[in-house]
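Student: Here it is, the structure, as structure tokens.
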Amino acid sequence: MARITAGIATSHIPAVGAALDNGRAGDSYWAPVFAGYDWAREFERAERPDVVILVYNDHASAFDMKFIPTFAIGCGEAFGIADEGWGPRPVPEVEGHPDLAWHIAQSLILDEFDMTIINEMEVDHALTVPLSLMFGQAERWPVKVIPLAVNVVTYPPPSGNRCWLLGEAIARAVASFDEDLNVQVWGTGGMSHQLQGPRAGLINKPWDTAFLDRLTADPGALRHMPHIDYLREAGSEGIELVMWLIMRGALGAQAQELHRFYHVPASNTAVGHIVLRPDAA
Ligand code: DHB
Ligand code: FE
């Protein structure tokens, strides 16, 4: 049987990928950011997951205003690296897991989550930067990845509670897959950040810290937090944090925190990262 063994969340700041790709990870500005992921890199070497269900949002790379899926699952064999304006990142192609992905798509849709199924697409910084943070400059990513894209770019994004319930449904889907696989669920995005307008550069450390605390201490309230609270407190792009609730919902009520990291600044953003163990593991 496939098992969810860990949940990992991290910001997906594009400048972090650029720092790594351009040999700047050791610079005094970037070194503390990468050091914050040493623990997780070691954890991943020990855990050796087979598959990551990687919850992220596309930033107008694969989708644009022509079509905006609320929840989409990548069922393809492989996903290319998107050109976000300065050429694709020099990182390996992302290998999918079509059998598990189709199983999850079927399970979710019959469980009344109307997923968009994607066989071909390119993935952007929101998916590749977390892979780089966990696995460094790999020749080949050591895991298969099922991209799970969430619309948090165009209003209205899904509610935190809907994201949580999707996470629970993902856990049911994984548990009903026959093959013995070590599966992790990752949530990306956040923490507080606003990239445009008069509040550009907004960072709210107390709110971010409370969000990290509440992921394990008070998830029941967190899942019902309205969008306007994210917008006011964490800035317009802080709404990416609803994606963490998909990861969190997949881990069960009593998930345990194993590790966290918080750092300001990286680009315009607060970096947040947390590693959780599901209650059943
Ligand atoms: C930036 C972009 C993102 O998508 C994000 O989540 C954080 C920061 C940026 O352009 O700095
Ligand atoms: Fe983003």
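Student: When you look at Gly189, is it open to solvent by less than 10 Å² (accessible area, probe 1.4 Å), touching a Leu at 6+ places or on another chain (Cβ under 7 Å), within 24 Å of Lys144 (Cβ to Cβ) and within 16 Å of ligand 2 (Cβ to nearest atom), yes or no? So that I can check it myself, show each step before the final result.
Tutor: Numbers: open to solvent by less than 10 Å² (accessible area, probe 1.4 Å): yes; touching a Leu at 6+ places or on another chain (Cβ under 7 Å): yes; within 24 Å of Lys144 (Cβ to Cβ): yes; within 16 Å of ligand 2 (Cβ to nearest atom): yes.
Considered against the rule, which asks whether it is open to solvent by less than 10 Å² (accessible area, probe 1.4 Å), touching a Leu at 6+ places or on another chain (Cβ under 7 Å), within 24 Å of Lys144 (Cβ to Cβ) and within 16 Å of ligand 2 (Cβ to nearest atom), Gly189 comes out as yes.
Student: State all residues of the stretch 93-114 that are under 18 Å from the mean Cα position of the chain (by Cα) and part of a loop (DSSP other than H, G, I, E, B); if no residue qualifies, say none.
Tutor: Glu93, Gly96, His97
Student: Let me ask another. Any idea which residue in the stretch 115-136 is farthest from ligand 1 (Cβ to nearest atom), counting only those that are in a loop (DSSP other than H, G, I, E, B) and either farther than 21 Å from Gly85 by Cα or in contact with a helix residue (DSSP H, G or I) (Cβ under 6 Å, 6 or more places away or on another chain) (or both)? Break it down stepwise before answering.
Tutor: Quick first cut of the stretch 115-136, residues in a loop (DSSP other than H, G, I, E, B) only: 115, 119-121, 124, 136.
Checking which are either farther than 21 Å from Gly85 by Cα or in contact with a helix residue (DSSP H, G or I) (Cβ under 6 Å, 6 or more places away or on another chain) (or both) leaves us with 115, 119, 136.
On the way: Met115: 23, Asn119: 25, Gly136: 20 Å.
So the residue we want is Asn119.
Student: Here's something else I'd like to know. Quick test for you: out of Ala9, Ala40, Ala46, pick the one residue that is over 22 Å from Gly87 (Cβ atoms), within 16 Å of ligand 2 (Cβ to nearest atom) and either of a type in the set (A, V, I, L, M) or open to solvent by less than 30 Å² (accessible area, probe 1.4 Å) (or both). Reasoning before the result, please.
Tutor: Values: Ala40 fails: within 16 Å of ligand 2 (Cβ to nearest atom); Ala46 fails: within 16 Å of ligand 2 (Cβ to nearest atom).
It is Ala9.
Student: Considering only the stretch 63-77, state which residues are among the hydrophobic types (A, V, I, L, M, F, W, C), touching a strand residue (DSSP E or B) at 6+ places or on another chain (Cβ under 7 Å) and in a strand (DSSP E or B).
Tutor: First, the residues of the stretch 63-77 that are among the hydrophobic types (A, V, I, L, M, F, W, C): 63, 65, 67-68, 71-73, 75.
With the extra rule that they be touching a strand residue (DSSP E or B) at 6+ places or on another chain (Cβ under 7 Å), the set shrinks to 71-73, 75.
Matches in the stretch 63-77: Phe71, Ala72, Ile73.
Student: Moving on. Taking Met1 and the conditions (1) among the aliphatic types (A, V, I, L, M); (2) open to solvent by less than 50 Å² (accessible area, probe 1.4 Å); (3) farther than 22 Å from His193 by Cα, which numbered condition does it fall short on, given that it satisfies the others?
Tutor: (2)
The values are calculated or read from the model by the stated rules, or taken from the named source; none is laboratory data. Treat the numbers as computed from the prediction; the structure is a model and nothing was measured. Cβ coordinates were reconstructed from backbone atoms using ideal geometry, including for glycine residues, and neighbour counts include every protein chain displayed. Note: areas computed on protein heavy atoms with side chains; ligands, DNA, RNA excluded. Shrake-Rupley method; radii C 1.70, N 1.55, O 1.52, S 1.80 Å.
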